[in-house]
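Visitor: My structure is below; once you've seen it, I'll send some questions.
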Amino acid sequence: MRNIWQKYKDTIRRNCSLSNVESGDSVNYWRNTLFSTTMIFVLPLCFVALVPSLFLITFENKEYITLLHFVTIGLMLFIAFAPSVKVKVRKLIFSLTVYAFAAMLNFFTSPSSGSVLIYFYAACVFSIIIFDNKYAYWWSHLVLLISVMFGLIIHFEFWDFEYNVDMSSVNEWVAVSSNVIFVCYLSSALIPKIFIGLENHINEQNRLRNELEKSQDALQLKNAELEEYVFVASHDLQEPLRLVSSFMDKLNTKYQGQLDEKALQYIHFASEGATRMKQIILDLLDYSRAGRTTESLEKVDVNQLVSDFIDLRAKVISEKSVTIAADELPVLHVRKDGFTQVLHLLLDNAIKYSKEGTAPQLEIDATEKIEGWRFSIKDNGIGIDPKFFDKIFLIFQQLHNRNEYGGTGVGLSLAKKHVESWGGKIWVESKKGRGAIFYFTVPK
């Protein structure tokens, strides 16, 4: 039964809309979608309406109303299932059928019946919605024409309505129909304004989307060029640095015992500078590659990443008597390399900036929120002054002398770039001398 209903809906949608041609962002797409959806539910309701018609045949001998229902159902079936008929023609047949149905009910029941007159208003409003704005007043004109026609019929007594209603004058009919005519013309004036506003909004959204796509394409191109430039520059810069280090080593070896303390100190400074410069270049290269969206998502067990970190840093963990506590951590679908680098960088920092003579104690926690996961890494280290919270996430920014704590100042900026690339946030809570808690989020 479900398959039959689905096939029924698909057939009507295919016949009564242009969804396979028009963009879902266009007003016409939504006009046609409304029309096809209406047809899907109107047909079953037409068959339901046969029940009171059969009642009228049985008890009141009003066969003409049942005949009217059958004719209407036949037209609706034609609109829904007839092949090779343009959508605009189907709409026109639908609107005229509803108008004709309302007119016939007026003939056979009562022109002053509000429940019948509402058919005219409903047909007018629906036709205004499903047709282009330029046809908006056609349907109000049609209501006016039908109203005038009924007024003439009443005035010249072409039809006897007395058996249904005590109404015999044009004045009474005008009083009954004028309100319907008024709201029809009001709808013809107002509804197109709504669609014009919607169309302008959609066009503006499409324009902004196109500009954004162009900007994204240009940005991706610039990023690719920048990455290529950084890669080439880092490769070219590392070569002379290797030469500097190599010649300093040769100079130290060849002239050992011939150089005074000052010369040896200069050689040491030059070698150390070359090594530091090489590390800066490597970190800069990592930073340029961070946050790539080309890496696919994969299933990652965060518990395993923590275990891997403990294995990789076994030596320093043993030397500093580091303890790492973590409850059961989640399994996520993330870009594994980026997530791993963020987690390991924050753990490395927590160990690195520990207090002298105090064993580092790290706590890893993951809390599930509505929008995603929030991870926290708490330590008992030296802490951070709140006024430096923003500075620490900037590239090459260091709060301490490199003789105290080594590094290039790239780590936290690298973590920030990764986190923001997947739509998360990273921040810190800390007080100087009281440890720190680094937070980062992973959207679901």
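The values are calculated or read from the model by the stated rules, or taken from the named source; none is laboratory data. Predicted model, so just to flag it, every value in this text is computed and none were measured. Cβ: placed from backbone, ideal geometry, glycine included. Neighbour counts: every protein chain shown. Areas reflect the complete protein model, heavy atoms only, side chains present, ligands, DNA and RNA absent. Shrake-Rupley method; radii C 1.70, N 1.55, O 1.52, S 1.80 Å.
Visitor: Scan segment 308-343 for residues that are assigned to a helix (DSSP H, G or I) and acidic (Asp, Glu) and jot them down.
Guide: 308, 311, 319, 337
Visitor: Out of all the residues in segment 268-307, which are modelled with pLDDT of 90 or more and either assigned to a helix (DSSP H, G or I) or farther than 22 Å from residue 336 by Cα (or both)?
Guide: Result: 302, 303, 304, 305, 306, 307.
Visitor: Looking only at residues in segment 73-114 that are open to solvent by 20 Å² or more (accessible area, probe 1.4 Å) and of a type in the set (Val, Ile, Thr), which one is modelled with the lowest pLDDT?
Guide: 109
Visitor: Another question about this same structure. For segment 242-257, does any single residue satisfy the condition of being acidic (Asp, Glu), open to solvent by 60 Å² or more (accessible area, probe 1.4 Å), part of a helix (DSSP H, G or I) and within 30 Å of residue 133 (Cα to Cα)?
Guide: Scanning segment 242-257 turns up no residue that is acidic (Asp, Glu), open to solvent by 60 Å² or more (accessible area, probe 1.4 Å), part of a helix (DSSP H, G or I) and within 30 Å of residue 133 (Cα to Cα).
Visitor: Do we find a residue being of a type in the set (A, V, I, L, M) and modelled with pLDDT of 80 or more anywhere in segment 13-24?
Guide: So in segment 13-24, the residues of a type in the set (A, V, I, L, M) come out as 18, 21.
Those left that are additionally modelled with pLDDT of 80 or more: none.
Looking through segment 13-24, none of the residues is of a type in the set (A, V, I, L, M) and modelled with pLDDT of 80 or more.
Visitor: Search segment 316-339 for residues being hydrophobic (A, V, I, L, M, F, W, C) and farther than 15 Å from residue 377 by Cα, and hand back the single one that is modelled with the lowest pLDDT.
Guide: Only one residue tops the list, namely 334.
Visitor: Counting only residues that are without any contact (Cβ under 8 Å) to a residue 60 or more places away in the chain and over 39 Å from the mean Cα position of the chain (by Cα), which one in segment 174-188 is surrounded by the most Cβ atoms within 10 Å (Cβ to Cβ)?
Guide: Filtering segment 174-188 for residues that are without any contact (Cβ under 8 Å) to a residue 60 or more places away in the chain and over 39 Å from the mean Cα position of the chain (by Cα), the one surrounded by the most Cβ atoms within 10 Å (Cβ to Cβ) comes out as 181.
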